[in-house]
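Student: Handing you a structure now.
The values are calculated or read from the model by the stated rules, or taken from the named source; none is laboratory data. Remember, predicted model here, so these are calculated numbers, not experimental data. All Cβ positions, glycine included, derive from the backbone under ideal geometry; neighbour counts span all protein chains shown.
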């Protein structure tokens, strides 16, 4: 990635199963533009936080078995987004690799820390105060991030430190993820062609 300043890092990935058909396009060097068609408005609101605060362009289309429930669709969007992130970031040469953010929203506060380590590991501590926001089951956010982490091959720590309103808890989590992602994939101006690991590979 020694030409990180001039090369636009982007990817489009499709996933087609008996349960869902998903297409995700991501541009890590974007402006925060987002377009969604998933049938899940609250999830789209959260994905928009990633785009706007991560300064990544996101286009996600999903057709899933929502007549059963949202589980397969949410999980598979996470998987496909993870695959697209992995493809867009490439061999991870020249990136900062680590990113972190604290984000408040009124009474809620979340912390997210990312390591593009090549090792999938999720540590998720989000004690939602309600089981759902509208008709969206907030348990599905853990499935989303599991899918993303496993396929982007990154280490992710998500901690909701405070919160009483479940909408606020979720929004701070996704905003913080976007901010941490933006930092982690930013070009390392001091080492633009270096692999950010003593192993020489990630």
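Student: Among the residues of the range 57-76, write down those that are in a loop (DSSP other than H, G, I, E, B) and either in contact with a strand residue (DSSP E or B) (Cβ under 6 Å, 6 or more places away or on another chain) or under 19 Å from residue 138 (Cβ atoms) (or both).
Tutor: Scanning the range 57-76 gives 66, 68, 69, 70.
Student: Filter the range 145-154 down to residues that are closer than 21 Å to residue 102 by Cα and in a loop (DSSP other than H, G, I, E, B), then give me how many there are.
Tutor: 1
Student: Going through the range 74-108 one residue at a time, which ones are surrounded by 22 or more Cβ atoms within 10 Å (Cβ to Cβ), more than 22 Å from residue 175 (Cβ to Cβ), out of contact with any helix residue (DSSP H, G or I) (no Cβ under 6 Å at 6 or more places or on another chain) and modelled with pLDDT of 95 or more?
Tutor: 76
Results for (1) in a helix (DSSP H, G or I); (2) over 30 Å from residue 131 (Cα atoms); (3) over 19 Å from the mean Cα position of the chain (by Cα), shown as yes or no for each residue.
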site: 156; (1), (2), (3): no, no, no
site: 164; (1), (2), (3): no, no, yes
site: 171; (1), (2), (3): yes, no, no
site: 183; (1), (2), (3): yes, yes, no
site: 189; (1), (2), (3): no, yes, yes
site: 197; (1), (2), (3): no, yes, yes
site: 201; (1), (2), (3): no, yes, yes
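Student: Do you know which residues across the range 4-55 are free of Cβ contacts under 8 Å to residues at least 40 places away in the same chain and assigned to a strand (DSSP E or B)?
Tutor: Listed by number, the residues that qualify are 16, 34, 35, 36, 37.
Student: Return yes when residue 82 is closer than 19 Å to residue 34 by Cβ and either part of a helix (DSSP H, G or I) or within 14 Å of the chain's Cα centre (by Cα) (or both) and no when it is not.
Tutor: Judged against the criteria, residue 82 is a match.
Student: A follow-up question, please. State all residues of the range 93-144 that are within 14 Å of the chain's Cα centre (by Cα), closer than 20 Å to residue 76 by Cβ and in a loop (DSSP other than H, G, I, E, B); if no residue qualifies, say none.
Tutor: The one that is within 14 Å of the chain's Cα centre (by Cα), closer than 20 Å to residue 76 by Cβ and in a loop (DSSP other than H, G, I, E, B): 120.
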